[in-house]
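The values are calculated or read from the model by the stated rules, or taken from the named source; none is laboratory data. It should be emphasised that the depicted structure is a prediction, and the values quoted were computed from it without experimental measurement. Cβ placement follows ideal geometry from the backbone for every residue including glycine, while neighbour counts extend to all protein chains displayed.
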């Protein structure tokens, strides 16, 4: 896969500072250090590995850049991070709804998600300055097809872990 042959960079929230992340467009792979630290329902899934880490999510930064996207995931709220919505839903976190129907989790639960992510996930990323939005979107689709990350619901049509993803959709859409 082309993207995997270009220069990858590893951001480890236990070691690196967010200012070290580039403020440009890119694509990223979130991997777990230890599967036992993830929600229990993820313990028996089939994982693809990147650099000896199980891949749990693939994403693109969009116009906001890799630094801000990483911050949304590792320090933000579920309102702006689909992976946080998934992890919080799997953990049974309590929701606070906005008028537009979107939600975040209560502060203590958002802090629990941040702790889990910062202590257990690593962020491999690639800068994509010269790609069009369509090209980046296609690259994300190919990487999701290649890695089949269990927390990617959109664009993930693999039969592997399909039952888990269907259950996760239900959990994420459930009104509390």
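So in region 39-51, with the set limited to residues that are surrounded by fewer than 22 Cβ atoms within 10 Å (Cβ to Cβ) and in contact with a strand residue (DSSP E or B) (Cβ under 9 Å, 6 or more places away or on another chain), which one is farthest from residue 135 (Cα to Cα)? In this case the residue turns out to be 45. Residue 145 falls short on exactly one of the conditions (1) assigned to a helix (DSSP H, G or I); (2) more than 16 Å from residue 54 (Cβ to Cβ); (3) modelled with pLDDT of 95 or more; (4) touching a helix residue (DSSP H, G or I) at 6+ places or on another chain (Cβ under 7 Å), and that condition is (4). Name the residue that is nearest to residue 16 (Cα to Cα), counting only residues in region 78-102 that are touching a strand residue (DSSP E or B) at 6+ places or on another chain (Cβ under 6 Å) and crowded, with 20+ Cβ neighbours inside 10 Å. Filtering first and then ranking leaves 83. Only one of the listed residues (117, 139, 143) is over 15 Å from the mean Cα position of the chain (by Cα), buried (at least 19 other Cβ atoms within 10 Å of the Cβ) and in contact (Cβ under 8 Å) with a residue 60 or more places away in the chain. That residue is 139. Residues in region 1-27 that are under 17 Å from residue 140 (Cβ atoms) and either at pLDDT 95 or above or assigned to a loop (DSSP other than H, G, I, E, B) (or both): 1, 6, 8, 24, 25.
Only one of 10, 21, 66 is more than 24 Å from residue 106 (Cβ to Cβ), surrounded by fewer than 18 Cβ atoms within 10 Å (Cβ to Cβ) and either in contact with a strand residue (DSSP E or B) (Cβ under 9 Å, 6 or more places away or on another chain) or in contact (Cβ under 8 Å) with a residue 24 or more places away in the chain (or both); which?
10
For region 79-98, does any single residue satisfy the condition of being assigned to a helix (DSSP H, G or I) and more than 17 Å from the chain's Cα centre (by Cα)? No, the conditions are met nowhere in region 79-98. Among residues of region 35-63 being in a strand (DSSP E or B) and more than 19 Å from residue 81 (Cβ to Cβ), the one that is nearest to the chain's Cα centre (by Cα) is 54. So if I check each of 166, 157, which one is outside any helix (DSSP H, G or I) and either out of contact with any strand residue (DSSP E or B) (no Cβ under 6 Å at 6 or more places or on another chain) or surrounded by 16 or more Cβ atoms within 10 Å (Cβ to Cβ) (or both)? Only one candidate qualifies: 157.
Kindly check whether there is at least one residue in region 125-135 that is closer than 17 Å to residue 171 by Cβ and either loosely packed, with under 14 Cβ neighbours inside 10 Å or modelled with pLDDT of 90 or more (or both).
No: zero hits.
Listed by first and then second residue, the pairs with beta-carbon distance under 8 Å, at least 6 apart or on different chains, first residue in region 52-63 and free of Cβ contacts under 8 Å to residues at least 24 places away in the same chain, second assigned to a strand (DSSP E or B), are 54/31; 54/32.
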